[in-house]
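The block underneath contains the structure these notes are about, expressed in structure tokens.
The values are calculated or read from the model by the stated rules, or taken from the named source; none is laboratory data. For clarity, every value in this text was computed on a predicted model and none was experimentally measured. Counting neighbours? That spans all protein chains shown, and the Cβs are built from the backbone with ideal geometry, glycine included. With ligands, DNA and RNA removed, areas are computed over all heavy atoms of the protein, side chains included. Shrake-Rupley method; radii C 1.70, N 1.55, O 1.52, S 1.80 Å.
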Amino acid sequence: MLKRISVRDLTLGMYLHQFCGSWMDHPFWRAGFVLKDPKDLARIRDTAVREVWIDTSRGLDVASGVAGVSREEADSQIDSQFAEMAGEMFDAPPTPLVPPSAPAPAPAPAPAPVRGTAPTSMKAELRAAALVCNRAREAVVSMFSEARMGRAVDASGATELVNEIAESVTRNPSALISLARLKTADDYTYLHSVAVCALMVALARQVRLPDDDVRQAGMAGLLHDLGKAAIPLDILNKPGKLTDEEFAIVREHPVAGHAMLSEAGGASAAVLDACLHHHEKMDGTGYPHRQQGEGISLVARMAAICDVYDAITSDRAYKRGWDPAESVRRMAEWGGAHFDQRLFQAFVKSIGIYPVGSLVRLTSGRIGVVMEQSRESLVAPYVNVFFSTKSGLRIVPERINLAAPGCSEKIVAREDPARWGFTDLTGLWSDGIL
């Protein structure tokens with residue numbers, strides 16, 4: 001039986017099934033082991049992780065009277081949260097991206113296109129997004145190379161690139177975001193910056209920020225991890241568990257990036273703040289300054305969400321990325337301790353409860369991969385169905401709009417791609433374009 005408990009109640013002999021938090025929060029690159037070493041227990045308690053999942057069928061249970069949450073209870077809470085989210089609109093926008101002392105401009109009435117761009121289908125936008133993604137990758141590689149050589153990084157020079165990414169996201173939010181998730185280990189750092197830029201733009205539009213603030217949010221996403229250029233490559237790309245010393249070096253990247261951008265000039269206050277504080281948490285357990293709640297700027301709270309989502313859905317040298325829908329649920333499970341809950345709800349609305357690439361099972365028992373979000377419903381995307389659980393065989397792929405009138409199919413469960421061994425999901429959700 002899986003049970004979520006506080007790390008204060010974690011003891012030797014328990015089977016550690018999963019950390020409640022991104023692997024960026026701790027130096028352990030894996031879970032799934034019996035806790036035997038007192039040093040490991042001490043290290044876990046010293047991290048920002050506040051809760052873990054234990055498997056009581058494979059290790060010790062908590063003592064009688066100690067609080068814990070079952071898997072069923074946790075899933076029920078998340079299902080209720082998502083059901084409420086799907087049935088309401090995100091009405092009151094948060095404070096725009098301006099310094100506290102500046103006059104706040106009136107929020108835009110609704111997310112508006114940039115430069116008159118019109119919405120396009122996922123299939124149509126994927127081709128355009130691929131070109132933007134390649135150009136963006138080259139530009140970010142160049143910026144990181146300059147930073148590694150100690151040269152000033154021209155933040156203002158990335159403005160046109162952010163505009164291109166913003167235009168693609170405005171035409172179809174899912175295309176570039178999904179494309180940038182397909183990273184190799186060598187490309188991770190660079191395409192992660194591109195993906196977070198796109199996610200920030202989508203989130204900023206969802207909360208109805210003015211166009212200029214949308215671009216500032218995108219710039220913050222593009223430059224938020226620049227400080228990783230100061231981390232030795234053998235640590236940055238290490239395939240195994242980091243030592244405490246190595247983990248401490250990695251955690252210095254926000255301060256390093258802020259210093260690089262400050263010295264170079266050209267970056268706005270919002271961009272500088274996101275670079276410095278995108279690892280802060282609402283409960284004050286983040287870094288580098290343990291800011292908490294409303295003390296964390298809006299742009300940094302946005303960056304914290306977008307940064308974690310792309311990190312946990314991407315393959316790394318030491319860990320497979322989580323399924324997009326599973327990632328959204330895990331982030332919801334971590335609750336208000338990690339993220340601004342109002343912003344997180346807006347984030348889910350911008351990418352979907354079942355983001356593109358999610359593997360799902362339908363009422364009929366067929367399995368499909370989410371291809372595109374529906375304008376009608378957060379829980380009824382377009383799905384490419386390709387497998388029957390009843391026969392255990394592949395079937396001719398069929399695109400289904402779950403929001404279409406009269407459609408009897410619904411998503412009844414998420415599925416783990418690793419369990420089924422499907423290796424061609426990218427081609428299925430991209431309709432063969434990728």
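Odds and ends about this structure:
- Where a residue in region 57-78 is under 20 Å from Leu16 (Cβ atoms) and in contact (Cβ under 8 Å) with a residue 24 or more places away in the chain and its partner, wherever it lies, is of a type in the set (Phe, Trp, Tyr) and open to solvent by less than 90 Å² (accessible area, probe 1.4 Å), with Cβ under 7 Å and at least six apart: Arg58/Tyr15; Gly59/Tyr15
- Of all residues in region 154-187, those satisfying the criterion of being open to solvent by 10 Å² or more (accessible area, probe 1.4 Å), in a helix (DSSP H, G or I) and hydroxyl-bearing (Ser, Thr, Tyr) are Ser156, Thr159, Thr170, Ser174.
- The numbered conditions (1) in a strand (DSSP E or B); (2) modelled with pLDDT under 95 are all true for Pro397 except (2).
- Among residues of region 396-419 that are surrounded by 10 or more Cβ atoms within 10 Å (Cβ to Cβ), those with a beta-carbon under 7 Å from a residue that is in a helix (DSSP H, G or I) at least six positions away or on a different chain give the pairs Pro397/Leu428; Arg414/Ala325; Arg414/Glu326; Pro417/Leu425.
- Test: residue in region 251-260 that is touching a Pro at 6+ places or on another chain (Cβ under 7 Å), touching a residue at least 12 places away in the same chain (Cβ under 8 Å) and charged (D, E, K, R): no
- Pair list, Cβ under 6 Å, 6 or more apart: region 332-353 residue touching a residue at least 60 places away in the same chain (Cβ under 8 Å), other residue among the charged types (D, E, K, R) and open to solvent by less than 20 Å² (accessible area, probe 1.4 Å): His338/Lys281
- When region 1-44 is limited to residues that are aromatic (Phe, Trp, Tyr) and under 24 Å from Ser314 (Cβ atoms), the one that is surrounded by the most Cβ atoms within 10 Å (Cβ to Cβ) turns out to be Phe19.
- Ala264 vs. criteria modelled with pLDDT of 95 or more, open to solvent by less than 60 Å² (accessible area, probe 1.4 Å), under 15 Å from Arg148 (Cβ atoms) and of a type outside the set (S, T, N, Q): no
- Residue match in region 320-338 (condition: touching a helix residue (DSSP H, G or I) at 6+ places or on another chain (Cβ under 8 Å), closer than 30 Å to Tyr287 by Cβ, of a type in the set (Lys, Arg) and part of a loop (DSSP other than H, G, I, E, B)): yes
- Region 34-58, subset touching a Cys at 6+ places or on another chain (Cβ under 7 Å) and of a type in the set (A, V, I, L, M), residue farthest from Tyr15 (Cα to Cα): Val49
- Filter pass, Ser101 being hydroxyl-bearing (Ser, Thr, Tyr) and either modelled with pLDDT of 80 or more or open to solvent by less than 80 Å² (accessible area, probe 1.4 Å) (or both): no
- Residue within region 371-391 that is under 14 Å from the mean Cα position of the chain (by Cα), among the acidic types (Asp, Glu), under 30 Å from Arg205 (Cα atoms) and at pLDDT below 95 present: no
- Boolean, Ser193 is touching an Asp or Glu at 6+ places or on another chain (Cβ under 8 Å) and open to solvent by 10 Å² or more (accessible area, probe 1.4 Å): no
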